[in-house]
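Below is one structure, written out as structure tokens; comments come after it.
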Amino acid sequence: MTGVKGVLLIATMDTKAKEALYLRDKMKTLGQAPIVMDLSMKRGEGRGLAEIPAYEVAKAGGSTLKQIQNSQDLDHCMKVMTAGAVKITQRLIRESRVHGVIGLGGYRGSLMATGVMHSLPFGFPKIMVSSAAGLPGLSTQFLKTSDIILFHSVIEIAGLTALLMNVLDRAACALSGMFRGKQVAPRSSGTKTIAMTMLGPCERCARRVRVSLEQAGYQVIGFHAAGIGDRAMEDMVTDGLFGAVIDLAPGGVGEHLYGFMRDAGPNRLESAGKMGIPQVISTCGVNHITPSKSKYKPGYGERRKYDLDRFRTWLRMSPRELKEVAGVFARKLNNSTGPVKVVIPLAGWSSVDSPGKPTYDPKEDALFIQALKKRLKKEVEVLEVDANMEDLEFAKAVVKATLEVLR
Amino acid sequence: MAKHIIILSTLDTKGDEAAYLKQRIEAEGFRVTLLDTAIGGEPSMPADISAKAVAEAGGGNIHEIRSSKDTGHVTPIMIKGATIKVQELLEKGLLDGIVSFGGASNTTLATSVMKALPFGIPKLMVSSTASMPAYAAKYIDTKDITMMHSVVDISGLNDLTRAVLQRAAGGICGMVDASDGAVKPVSESPLIGLTTFKFAEACSQHVMDLLSQKGYTVIPFHAQGIGDRAMEELIDQGLLDGIVDLVPAGVSEHLLGGNRDAGPIRLEAAGRRGIPQVVTPCGFEMISCGPLGRKDTGDPVWTRRGLAERKIFIPDEFRVQARTSAEELLKVAEVVAQKLNKSKGRVQFFIPTQGWSSLSVKGADLWEPESDGVFAPALREHLRPDIEVSELPMELNTPAFAETIAEALDKMIKEA
């Protein structure tokens, strides 16, 4: 037994009081100390049963419950309640009264409760029991870049049926299970920990680089650079978790420019430079765009392409786009306050983009390299390696460059 | 006896990580069965159920699979094989929970296998692609899968990946500890499935109260295209004894291209199973067409149906409801009738003529009685004569309407 753990239980008590109280009692029998926080925006039977009532949350959010109840602007009210809940939660954690968070709700409840979870650090146990988890588009909004466990209730959280009690029991036990055993909080070990972006088409390179650097005494944390993992990396770099970044797959920059599937937000490729930590940049996926089929513009159908899977097709960038994206890369990297090296393979930028494949075109890739070199500040070195991204030789060059910038 | 947890992994590249997870689960006192689904190469550690055995169960050959470059073709073989192997373990009482971890490919594979397991068996997927828009909903779909977003790639053992795997081990062990296996139908009180959504809340709450008073247990399902589809699956598994299909909108949304699309087989399971059902037209009067941004981007549903010119309800930018036209309702009536005509059990259809939901009562954003009016005659025209259609001069969200449908269902169940 590791002692009683405080658990924050987030629910809307106007409609889900019975279910929340069942979950609370279950947590108590498991030896936890639950604290219920109510995010109701309407009047209802369960109000007054929470340790942290909705009016306190509204107040912490800079409003009053009365204003919230009378408002027609639900979006705004949800933002207020979420902001208030974040403030209170942060305080409870500082006071060591809360060691894990569990939420239950439908669409709105999930949106607000996960909004609170997004403000909590990586490694802090967080479970969201949601009846809206299976809905297209919503689970993405709930998870964002946070390490939340999303538990699909399948049935509505309305009425304590055998099926729902089964779901709530499992969720409570999952959270208490997460408290068992030793807690591994990520150390902010700094210099010896390196963040690395990767994608399936540069997986071999990523593995070789990781293994080599592990042998040299570093630990390498991988992030899937498809628009979410790479965004999370930027956040964690800003939190000071890493001593360096190897950005093998910064394609999210161009995808953001054009609004496509791997869009990694406006801050991509900037955090490491701002923090002044060393970085090595490469180009996996940078010469391709990934628009969703519904966003195809005229002419996209005729572009050279590679079908990654049923949902994603990589289209070759046009020469104009390559030059435009190179400009954005240069602008972002020129703001770096730490050492930067760019390492580019001359025989294809991924396994998708290798000799013989339909989108392989090193001549057009050269347009990117030229434009980048022209605009980059002189401190940033661009290394060209006569190999494919997935060749052993290229991985070696990345490792060498990394050890150099780390020096 | 110790309970069994299955780890589904690709041992060609994730051997160390799987070994760590196994060790953490065993430290909690559970037995681990390691199942290898790798198509890339030889495992770096021995599996309890090898990739070779999985491939054979799926009707393939692991050597051919490994040399094939066509992952689109070989992945289904491994999914099929792993599903068969996992079912065997379940039948032998050697599966109390399942856990897997990985990126896009393995999450697709492992969640497909998990989907074949019944409601109540703990299923935990640790995924670095859990939050990707293209996949997230497909991974979970209608199942009680617990999705843990790993944020970092689970490649290599480091502080962060160990932290994730440690929590995953705790999570699955906690759930398995508590679980009694698959949820079985409870015979004491009959189970009623009820579909509902926001705009029918008052009615559904009232129906639930009334039916509970009569000794039923009511399970509500959110009619957004997933919950209602899950209900159809639970009906097929024989878990439910009667249905209040208050919001069958998944049918019209499927027909018209709305967000609540519940697929082509919605509104059929109850009839197929022969259990009594009451049905209303709630939700047929609106098309869920958010987010609002689609309006200006040449979205095909918006353009083809001219939604921008219609009555429209916008509670927030994501959930936008446009009014269904009379012409569309005629089509909906025909399809609904075709589906209900196949029913083996009793069906009653109730239409509240003063508003099918809170959005279409007098003064509300989607009020259009002249369009609603075409539905009842069309429905009668296509329905089997023995299926009764009752028009009640009231709003759906009134106690009187709730009482009428609750009593009708109660009567049908008692007479069945």
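The values are calculated or read from the model by the stated rules, or taken from the named source; none is laboratory data. In this text the structure is predicted, and so the values were computed from the model without any measurement. Reconstructed Cβ throughout: ideal geometry from the backbone, glycine too, with neighbour counts over all protein chains shown.
Here are the numbers for this structure:
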| read-out | value |
| --- | --- |
| Segment A:79-121, residues that are without any contact (Cβ under 8 Å) to a residue 40 or more places away in the chain, crowded, with 24+ Cβ neighbours inside 10 Å and under 16 Å from the mean Cα position of the chain (by Cα) | A:Thr114, A:Met117 |
| Those residues of segment A:202-230 which are more than 9 Å from chain B (Cβ to nearest Cβ) and either buried (at least 24 other Cβ atoms within 10 Å of the Cβ) or without any contact (Cβ under 8 Å) to a residue 24 or more places away in the chain (or both), in sequence order | A:Cys202, A:Cys205, A:Val209, A:Gln215, A:Ala225, A:Asp230 |
| Selection within segment A:78-111 - of a type in the set (A, V, I, L, M) and in a helix (DSSP H, G or I) | A:Met78, A:Val80, A:Met81, A:Ala83, A:Ala85, A:Val86, A:Ile88, A:Leu92, A:Ile93, A:Leu111 |
| From the options B:Asp70, B:Asp96, residue that is farther than 26 Å from B:Asp180 by Cα, of a type in the set (Asp, Glu) and in the same structural domain as B:Lys138 (by TED's automatic domain parsing) | B:Asp70 |
| Pairs where the first residue, in segment B:73-93, is touching a residue at least 60 places away in the same chain (Cβ under 8 Å) and the second is outside any loop (DSSP other than H, G, I, E, B), C-beta under 6 Å, 6+ apart | B:Ala82/B:Val54; B:Ala82/B:Val113; B:Val86/B:Val113 |
| Test: residue in segment B:108-124 that is more than 21 Å from B:Thr37 (Cβ to Cβ), part of a helix (DSSP H, G or I) and within 11 Å of chain A (Cβ to nearest Cβ) | no |
| Verdict on A:Phe124 being more than 7 Å from every other protein chain (Cβ to nearest Cβ), assigned to a helix (DSSP H, G or I), within 17 Å of the chain's Cα centre (by Cα) and in contact (Cβ under 8 Å) with a residue 12 or more places away in the chain | no |
| Positions within segment B:134-163 being in a helix (DSSP H, G or I), under 25 Å from A:Leu135 (Cβ atoms) and either among the charged types (D, E, K, R) or more than 7 Å from chain A (Cβ to nearest Cβ) (or both), in sequence order | B:Lys138, B:Tyr139 |
| Set B:Asp36, B:Asp141: member being in contact with a Lys or Arg (Cβ under 8 Å, 6 or more places away or on another chain), among the acidic types (Asp, Glu) and touching a residue at least 24 places away in the same chain (Cβ under 8 Å) | B:Asp141 |
| The one condition in (1) free of Cβ contacts under 8 Å to residues at least 40 places away in the same chain; (2) out of contact with any helix residue (DSSP H, G or I) (no Cβ under 6 Å at 6 or more places or on another chain); (3) surrounded by 24 or more Cβ atoms within 10 Å (Cβ to Cβ) that B:Gly102 fails to fulfil | (1) |
| Residue in segment A:345-358 that is charged (D, E, K, R) and surrounded by fewer than 19 Cβ atoms within 10 Å (Cβ to Cβ) present | yes |
| Exclusive hit being assigned to a helix (DSSP H, G or I) and in contact with a Ser or Thr (Cβ under 7 Å, 6 or more places away or on another chain), set A:Val405, A:Val352, A:Val399 | A:Val399 |
| For A:Pro34: the one exception among (1) crowded, with 20+ Cβ neighbours inside 10 Å; (2) within 27 Å of A:Asp75 (Cβ to Cβ); (3) not aromatic (Phe, Trp, Tyr) | (2) |
| Residue that is within 7 Å of another protein chain (Cβ to nearest Cβ) and part of a helix (DSSP H, G or I), where the choices are A:Thr114, A:Thr140 | A:Thr140 |
| Residue satisfying condition, being in contact with a helix residue (DSSP H, G or I) (Cβ under 9 Å, 6 or more places away or on another chain), surrounded by fewer than 24 Cβ atoms within 10 Å (Cβ to Cβ) and on the phi < 0 side of the Ramachandran plot, within set B:Asp159, B:Asp177 | B:Asp177 |
| Subset of segment A:26-52 (residues that are of a type outside the set (A, V, I, L, M, F, W, C), under 31 Å from the mean Cα position of the chain (by Cα) and part of a loop (DSSP other than H, G, I, E, B)) | A:Gln32, A:Ser40 |
| Tally of residues being over 30 Å from B:Gly345 (Cα atoms) and of a type in the set (Asp, Glu) across segment B:254-308 | 2 |
| Conditions (1) within 13 Å of B:Val113 (Cα to Cα); (2) crowded, with 19+ Cβ neighbours inside 10 Å; (3) not polar (S, T, N, Q): number failed by B:Ile65 | (1) |
| Among residues of segment A:255-270, those that are over 21 Å from B:Tyr135 (Cβ atoms) and either acidic (Asp, Glu) or surrounded by 24 or more Cβ atoms within 10 Å (Cβ to Cβ) (or both), counted | 2 |
| Single match in B:Gly271, B:Gly283 (criterion: in contact with a helix residue (DSSP H, G or I) (Cβ under 7 Å, 6 or more places away or on another chain), on the phi > 0 side of the Ramachandran plot, more than 12 Å from chain A (Cβ to nearest Cβ) and surrounded by 19 or more Cβ atoms within 10 Å (Cβ to Cβ)) | B:Gly283 |
| From the options A:Thr283, A:Thr337, residue that is touching a residue at least 24 places away in the same chain (Cβ under 8 Å), in a loop (DSSP other than H, G, I, E, B) and surrounded by fewer than 21 Cβ atoms within 10 Å (Cβ to Cβ) | A:Thr337 |
| Single residue of segment B:235-263 satisfying the filter (within 10 Å of chain A (Cβ to nearest Cβ) and surrounded by fewer than 23 Cβ atoms within 10 Å (Cβ to Cβ)) that is nearest to B:Val320 (Cα to Cα) | B:Asn259 |
| Hits in segment A:231-256 - residues which are more than 20 Å from B:Ser127 (Cα to Cα) and facing chain B (nearest Cβ under 9 Å) | A:Leu241 |
| Residue match in segment A:154-163 (condition: modelled with pLDDT of 90 or more, facing another protein chain (nearest Cβ under 7 Å), crowded, with 24+ Cβ neighbours inside 10 Å and closer than 30 Å to B:Asp209 by Cα) | no |
| Single residue of segment A:384-395 satisfying the filter (in contact (Cβ under 8 Å) with a residue 60 or more places away in the chain and in a helix (DSSP H, G or I)) that is farthest from the chain's Cα centre (by Cα) | A:Leu392 |
